[in-house]
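The values are calculated or read from the model by the stated rules, or taken from the named source; none is laboratory data. Everything numeric here is computed off the predicted structure, so don't read it as measured data. When we count neighbours, we look across all protein chains shown, and the Cβ atoms used for this are built from the backbone with ideal geometry, even at glycine.
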Amino acid sequence: MRAIPESSHEWVSFDDDDGATWQFDITFLTSNYSCIYGRGCPGVLTEEAPEYEHGCCTYGAHFVDDEDRTSIESLVAELGPDEWELHDEAASLGGAIYRNDDGEWVTRTIDDACIMLNRPGFESGAGCALHQAALRRGKRPLDWKPDVCWQVPVRFDEHRDDNGHSTYILREWKRRDWGEGGAEFAWWCTDDPLAFDGDRPVWKSLREEIVELVGEEPYAMLVNYIVERYGDNESAHSTVFLPHPQVRRAQVGSQ
């Protein structure tokens, strides 16, 4: 019997009532991936640097459209210096968001990281000022952060074929999704067993983000498939679904 290729993932697809196809990366969604920001995340610099506590905030955020940008601009305006370490620096520069030389709207970077990132030692703690402010107000961080920031490490793509048929794909975010720069990261979370330490599968831990991307009905189809096929026993996912490549790598390394 031939060995399963190291990069293999298990997928499932459904057609909805409108005829569109929904395709889900079951291997990732049933894995125990968990964001380890603040828990030793090595970051996305060209060398591992967990001491900076940058996470994936090093290069700032690119906005997907005007709605994304204007929404964040209004939320940034609510933050004071007690919540946002670089509040005064942003004011002196004309704001946290600007249009770069390529004509793209982005957050500024200061000292090699996003201007919205509170650094270690700040009174509110290290981390995204918007994320922290949302939690402080009892709000969802995904409603307070640029689209790219709350979506990672989940990637949602839409493809339309020559006949107009739409296929929607939900999968893990890979290095290639960052463009050419992704290959230069010394570390990336979905590429390493270090980030696969959660106590719940992704389809549960990132439920709000997944629903925001695909909607309630496609999410319900996904959940029904998982539960009908294998029940709701989270610990069984690693044995009944194809384990994530990084989980398999860790298992081999421990033998």
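Couple of notes before you dig in:
- Scanning region 102-141 for residues that are within 16 Å of the chain's Cα centre (by Cα) and surrounded by fewer than 17 Cβ atoms within 10 Å (Cβ to Cβ) yields one hit, Arg140.
- Scanning region 66-88 for residues that are charged (D, E, K, R), surrounded by fewer than 17 Cβ atoms within 10 Å (Cβ to Cβ) and within 16 Å of Leu130 (Cα to Cα) yields Glu73, Glu78, Asp82, Asp88.
- For region 22-131, the helices (runs of 4 or more DSSP H) that sit wholly inside it and include 1 or more residues that are in the same structural domain as Asp197 (by TED's automatic domain parsing) are 26-29.
- A single entry from Arg136, Arg69 fulfils the requirement of being at pLDDT 95 or above, over 24 Å from Cys35 (Cα atoms) and basic (Lys, Arg): Arg69.
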